[in-house]
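Down below is the structure, laid out as structure tokens.
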Amino acid sequence: MSVILDAAKFHNRAKYLLDFWKDSPDDFGSANVLVVAVGQSQDDVLYQKSIAVQTWLLGYEFPETVLAITPDRFYFVTSSKKGKILESLQQDSNKGATIEIMGRTKDEAHNKELMAKLADIVAESKKVGTLPKDRFEGKVIKEWESAMKGKDVELVDMAPGIALALAVKDDSELDNVAAASRISSAVMSRYFLNEMSSIIDEDKKVKQDVLAQKMERCLTDDPYRQKLKLKDVCLIDVAPVIAYQLMKIEQIDYALADWCYTPIIQSGGKYDLRPSATTNSDHLHEGTIICSVGVRYKSYCSNLSRTYLMNPEKSQEENYRFLLRLQDFVFNSTVDGVVCSDVYNKAAAYVAEKRPDLKENFLKNCGFGIGIEFRESAFLLSGKNNRVLKSGMVLHVAVGFQNLEHPKPADAKSKIYALLLGDTLRVTKGAPQIFTEAKKDEQEVFFEFKDDESSEEEVAVKKEKARASGAPSPARGGRGDARSSRRKEEVQNRMQHERTRAEHQKQLHKKLQELGQARGAGTGKEKEQSVFRKFESYRNESLLPKNTHNLQIVVDKRSDSIVLPIYGMAVPFHVSTIKNVSKQDEQEFTYLRFNFITPGQSAGKKDVQTPFEDPTATFIRALSFRSTDNHRFTEIFREINDLKKDLQKREAERKEMADLVEQDKLTELRGRRPPRLPEVFCRPQMEGKRLPGDLEIHSNGLRYQSQMRSDQKVDILFSNIKHMFFQPCDQELVVILHLHLKNPIMAGKKKTKDIQFYREVTDASFDETGTRNRRRPMYGDEDELMQEQEERKRRQQLNKEFHNFATLIKDASKGVVEVDVPVRQVGFMGVPVRQLVLMQPTTNCLVHLTDFPPLVITLDELELVHFERVQFGLKNFDLVFVFKDFTRAPVHINTIPAKSLDDVKDWLDQMDLPFTEGTINLNWSSIMKTVNDDTAMFFDDGGWSFLNAHDENEEDSEEEVSEYEEESGSDFGGSESDTDEAYESDDASASGSGFSGSDDDSDGEDWDEMERKAAKSDAKRGADTGKTSSKTKRRDDSDDDSDDSDRPAKKSKKR
């Protein structure tokens, strides 16, 4: 897989760097040229400014490369292979910088000549900006130092200027920081917190470094990744603003995630609150536990620190509460235009004023800048840094107190403790945007682990004190109390969340009603009138077929007409005026009856009422003809029916093509080869055998060209693309690039509004069976592991290739087309068409793309969403999506598991979509007909409020049936997947109660009467001799004698 650079991003950032350098030359040491020399890759050194510059400009690290930047040109000296990758930067039409590539070869003399040439260019400027703190080794570095040796230049430090230029992050950088923060928060709240509380609760002896190593596996091993539950973190554990931003992040590729450092876990009186601290091998101690987690995503860092207190004393609780207030104070101080030293000095003054006893324990700084480098020291929040914060910068803000003394330590290790809180945030002009939102309230970090073997005397004393104060007696505490308290807290948080959601929905429904009333104002009850169509068979009599002179019935397929002889004249009738033709044989005669379409005829559901220019005129309803030539009449009957079928087919095709919009022509790229995605398949499939093709990017659109047939191609303009989705092949068999269009196009002979290009993950040339290795000893497990690794690599390569191509489409369209990625973690199962599939939300849509036909629902086009069959006991429910365009039929997604109900509601609420719920399926064709007939009256009568009131009305009266309730046998295209669970639930409730009769019946029989009839029935059975007749008679007697008997309701009455 070749590396593809983002040319537009490079030129934008290169222009920004040049402008920043021009405006702030002093920060670059007044250098006239900037040199970034990178040698061999060093695994032990992660953070150097030289590598940060390469990553920021190119998106990748380029070892063995020298970059020289002048005010008008970028010079690259690198290998020939890397040079070919960099050549793509020269092809961008909107260049922000001119680049020159000097490719090194195996010829030593040639390489020295290149270095000498670059050294001469650099030496022309007397001041050369370098990064002296970065140390590299390798052949290129030695050649560069040798070429610069003896040059009369002054080397200055440009590190401050580079730090300032890279400090303000753009949107793509912020997305990467948010993704890294999302993983950090998940590791802290979903893995470490559970593991730590379990270790302490169960008195396990686990070393801190062993626990840290297990945490590292959260980014490498699937079982550990599943424990992170990123879906819950995205929707519940973070603030709504951050959750919405996280929804825009593409599905996380763990291959692009890495640790900034091994997680730091500290307890037992040994605390080092510096970022460079390490985890020791002591056992995790029950007391004060501090954990710090740092994760990189696409080279961008995040950091998170939390403190957890076990059985805290009152003074510890007060210190932690003050730390929370202090952190909020520092957060509010980090705004655009504030000097870094002011942030720290204000925090120190706040501590000195509120808690002077903690002044000496306060840290020496409040955090630092963070980005591609984990610690950007230029923006250290200390008392001596005069740098100014700007909106868009990302900081790690950390506040804490060290070397605190425990007033009543339980053991020697608990005597000294520390407190630390750290979060990653974005500086704005107002309140900062927090990326790491692992919970830190006292309810989440205070743990009460009581001893199960507490003395009975202590419990008795507590009970006595409780009686004296009138409070309930305390129960004996145990280590399970903490978990019980956490569960109770989770229930309370969930209830509060539901109340907040209900209040938000109330506001959305109020706004929806107001918009509906404004929308309905001025609309009348006008209905769309059918258009009267005139049919002209022949313009004059001379155009009639020649064989009509014989006064025979003639079927003229050319004019779509039938010529009938009437009173010696040839009278043509267009086939559209004929309703049907019937043929009947009677003795030696054959009758043909022509039934015509006339006003007042009843039409079926599939028949369209034909308008008439003058319905009061005189019409011929039917004509009958008789002949002894049975063969000829049979042939005429067949030809007429075939003609009607052909006409109906052409009419259907005409209606189907009515909404086709003529597109502009595709402007092909000239002079160079267009970017291409090879070997992809197209859906809907082209005619004939399924064959691969190439997808190309041209000036104003895309072209899919079959590799085998030149006549099979599809052109798609950027202006016609409504949504573009990239679905990776994680947990799927195909990787997909899907286009949802504004107007339908023709793909082959099929009209479609959705077209997708995909490639299957499985490789036919790859030996899945391991037959080739079967002769090798011990081929089993090793071969399976190799196959899994190969498949994983193959999936990663496919994802990168398709995602990079989608990014190229976005750049070529100049912002017209955006790349959207389905969020699998937030998906839910459902039946949109025929089978149960995974529905996945994106930023703007709800989609299912794997199976064809796909489903794409644009959220901005929705009026509201209705939940059907939501009641206790049912395992599934249905969703109905109602569009703002009331003429569109609602879309149904059926058989959604009930466990997904809250998740779906949370997602809809975050997307600001109003929803309602009911217990039954509704007849939506009738509802939408009512809405379309008079929209104004519909909203004046309450609009969609009847959907919420439906259940209340049904509880008040079970006899009353809503006019919108779906009837059995209705052809309404609504939910057809009422699963057996509903019926099983009803049967179970009936059989469980033992009663199924009506409570209104007052003439039931008591037990004595029922026993008498049973004896009579037994006597009759004894009189019968045949087994079959006995069974029949027993049924007859039961039917005759048990008229209104055996009523279980009377059994209840008897009792």
Number of positions in segment 611-639 that are open to solvent by 100 Å² or more (accessible area, probe 1.4 Å) and at pLDDT below 85: 3
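State which residue is modelled with the lowest pLDDT when the search covers only segment 290-321 and only residues that are surrounded by fewer than 18 Cβ atoms within 10 Å (Cβ to Cβ) and of a type outside the set (Ser, Thr, Tyr).
Pass one, segment 290-321, residues surrounded by fewer than 18 Cβ atoms within 10 Å (Cβ to Cβ): 311, 313-315, 317-318, 321.
The next check asks that each one be of a type outside the set (Ser, Thr, Tyr); those that pass are 311, 313-314, 317-318, 321.
Numbers: ASN311: 87, GLU313: 90, LYS314: 90, GLU317: 92, GLU318: 93, ARG321: 93.
Of everything passing the filter in segment 290-321, ASN311 is modelled with the lowest pLDDT.
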For segment 350-367, which residues satisfy the criterion of being open to solvent by less than 30 Å² (accessible area, probe 1.4 Å) and either without any contact (Cβ under 8 Å) to a residue 40 or more places away in the chain or over 21 Å from VAL168 (Cα atoms) (or both)? VAL351, LEU358, ASN361, PHE362, LEU363, CYS366
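With respect to THR807, is the statement that it is within 16 Å of the chain's Cα centre (by Cα) and either open to solvent by less than 50 Å² (accessible area, probe 1.4 Å) or over 30 Å from LEU702 (Cα atoms) (or both) true?
Numbers: within 16 Å of the chain's Cα centre (by Cα): no; either open to solvent by less than 50 Å² (accessible area, probe 1.4 Å) or over 30 Å from LEU702 (Cα atoms) (or both): yes.
No; evaluated as a whole, the condition is false for this residue.
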As an exercise: evaluate LYS112 against (1) among the basic types (Lys, Arg); (2) free of Cβ contacts under 8 Å to residues at least 24 places away in the same chain; (3) out of contact with any strand residue (DSSP E or B) (no Cβ under 7 Å at 6 or more places or on another chain) and give the number of the one condition it does not meet. (2)
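Does segment 917-938 hold any residues that are closer than 23 Å to LYS510 by Cβ and within 33 Å of the chain's Cα centre (by Cα), and which are they?
GLU917, GLY918, LEU922, ILE927, MET928, VAL931, listed by residue number.
Which ones in segment 375-392 are under 19 Å from ALA52 (Cβ atoms) and touching a strand residue (DSSP E or B) at 6+ places or on another chain (Cβ under 6 Å)? Walk me through it before giving the result.
Within segment 375-392, the subset under 19 Å from ALA52 (Cβ atoms) is 375-380, 387, 390, 392.
Result: ARG375, GLU376, PHE379, LEU380, LYS390, GLY392.
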Has segment 942-952 got any residue that is more than 27 Å from LEU838 (Cα to Cα), of a type in the set (Phe, Trp, Tyr) and at pLDDT 50 or above? yes
Counting just the residues of segment 169-179 that are surrounded by fewer than 17 Cβ atoms within 10 Å (Cβ to Cβ) and not polar (S, T, N, Q), which one comes out farthest from the chain's Cα centre (by Cα)? ASP170
Could you tell me how many of the residues in segment 140-152 are crowded, with 20+ Cβ neighbours inside 10 Å and without any contact (Cβ under 8 Å) to a residue 60 or more places away in the chain? 3
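Name every residue in segment 256-270 that is in a loop (DSSP other than H, G, I, E, B) and under 17 Å from SER414 (Cβ atoms), in order of residue number. Walk me through how you get there before you give the answer.
We begin by selecting, within segment 256-270, every residue in a loop (DSSP other than H, G, I, E, B); these are 260-263, 267-270.
If the condition is that a residue be in a loop (DSSP other than H, G, I, E, B) and under 17 Å from SER414 (Cβ atoms), then SER267, GLY268, GLY269, LYS270 are the ones that fit.
When you scan segment 157-165, do you find a residue that is within 29 Å of the chain's Cα centre (by Cα) and open to solvent by 10 Å² or more (accessible area, probe 1.4 Å), even just one? Show your work before the answer.
We begin by selecting, within segment 157-165, every residue within 29 Å of the chain's Cα centre (by Cα); these are none.
Within segment 157-165, none of the residues are within 29 Å of the chain's Cα centre (by Cα) and open to solvent by 10 Å² or more (accessible area, probe 1.4 Å).
What residue, of ALA123, ALA186, is of a type in the set (A, V, I, L, M), open to solvent by less than 40 Å² (accessible area, probe 1.4 Å) and farther than 30 Å from SER267 by Cα? Break it down stepwise before answering.
Details: ALA186 fails: farther than 30 Å from SER267 by Cα.
That would be ALA123, the only listed residue that is of a type in the set (A, V, I, L, M), open to solvent by less than 40 Å² (accessible area, probe 1.4 Å) and farther than 30 Å from SER267 by Cα.
This table checks each residue for (1) touching a Pro at 6+ places or on another chain (Cβ under 6 Å); (2) buried (at least 18 other Cβ atoms within 10 Å of the Cβ); (3) not small (Gly, Ala, Ser).
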residue	(1), (2), (3)
SER719	no, no, no
HIS723	no, yes, yes
GLN731	no, no, yes
ASN743	no, no, yes
Please state which one of VAL826, VAL819 is open to solvent by 40 Å² or more (accessible area, probe 1.4 Å) and either of a type in the set (A, V, I, L, M, F, W, C) or without any contact (Cβ under 8 Å) to a residue 40 or more places away in the chain (or both). VAL819
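Yes/no matrix, rows are residues, columns are (1) under 22 Å from the mean Cα position of the chain (by Cα); (2) aliphatic (A, V, I, L, M); (3) modelled with pLDDT under 90:
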position	(1), (2), (3)
MET188	no, yes, no
TYR191	no, no, yes
SER197	no, no, yes
ASP201	no, no, yes
LYS204	no, no, yes
GLN213	no, no, no
GLU216	no, no, yes
ASP222	yes, no, yes
From the list LEU864, LEU849, LEU855, which one is in contact with a His (Cβ under 7 Å, 6 or more places away or on another chain) and open to solvent by less than 10 Å² (accessible area, probe 1.4 Å)? LEU849
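Go through segment 684-695 and give me each residue that's part of a strand (DSSP E or B) and either open to solvent by 50 Å² or more (accessible area, probe 1.4 Å) or without any contact (Cβ under 8 Å) to a residue 40 or more places away in the chain (or both).
Of the residues in segment 684-695, the ones part of a strand (DSSP E or B) are 693-695.
GLY693, ASP694 - these are the residues of segment 684-695 that are part of a strand (DSSP E or B) and either open to solvent by 50 Å² or more (accessible area, probe 1.4 Å) or without any contact (Cβ under 8 Å) to a residue 40 or more places away in the chain (or both).
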GLU137: open to solvent by 50 Å² or more (accessible area, probe 1.4 Å) and among the acidic types (Asp, Glu), yes or no? yes
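Conditions (1) touching a residue at least 40 places away in the same chain (Cβ under 8 Å); (2) open to solvent by less than 10 Å² (accessible area, probe 1.4 Å); (3) β-branched (Val, Ile, Thr); (4) touching a strand residue (DSSP E or B) at 6+ places or on another chain (Cβ under 8 Å), marked per residue:
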| site | (1), (2), (3), (4) |
| --- | --- |
| PHE872 | no, no, no, no |
| LYS884 | no, no, no, yes |
| GLU917 | yes, no, no, yes |
| SER926 | yes, no, no, no |
Anything in segment 271-289 that is surrounded by fewer than 24 Cβ atoms within 10 Å (Cβ to Cβ) and in a strand (DSSP E or B)? List them, or say none. HIS283
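Report, by residue number, each residue of segment 224-246 that is part of a helix (DSSP H, G or I), at pLDDT below 50 and more than 27 Å from GLU448 (Cα to Cα). Let's see the steps before the verdict.
Restricting attention to segment 224-246, the residues satisfying the condition of being part of a helix (DSSP H, G or I) are 224-226, 230-235, 240-246.
In the following step, the residues that additionally are at pLDDT below 50 were identified as 231-235, 240-246.
Answer for segment 224-246, where residues must be part of a helix (DSSP H, G or I), at pLDDT below 50 and more than 27 Å from GLU448 (Cα to Cα): LYS231, CYS234, LEU235, PRO240, VAL241, ILE242, ALA243, TYR244, GLN245, LEU246.
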Return the total of residues in segment 378-396 being under 16 Å from VAL339 (Cβ atoms) and not in a loop (DSSP other than H, G, I, E, B). 5
Among residues of segment 547-598 being closer than 16 Å to ARG632 by Cβ and part of a loop (DSSP other than H, G, I, E, B), the residue nearest to the chain's Cα centre (by Cα) is ILE553
Of all the residues that make up segment 322-349, how many are open to solvent by 40 Å² or more (accessible area, probe 1.4 Å) and either part of a helix (DSSP H, G or I) or basic (Lys, Arg) (or both)? 8
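The values are calculated or read from the model by the stated rules, or taken from the named source; none is laboratory data. Here the structure is a predicted model, which means the values were calculated and not measured. Glycine gets a Cβ as well: all are built from the backbone with ideal geometry, and neighbour counts include every protein chain shown. Areas reflect the complete protein model, heavy atoms only, side chains present, ligands, DNA and RNA absent. Shrake-Rupley method; radii C 1.70, N 1.55, O 1.52, S 1.80 Å.
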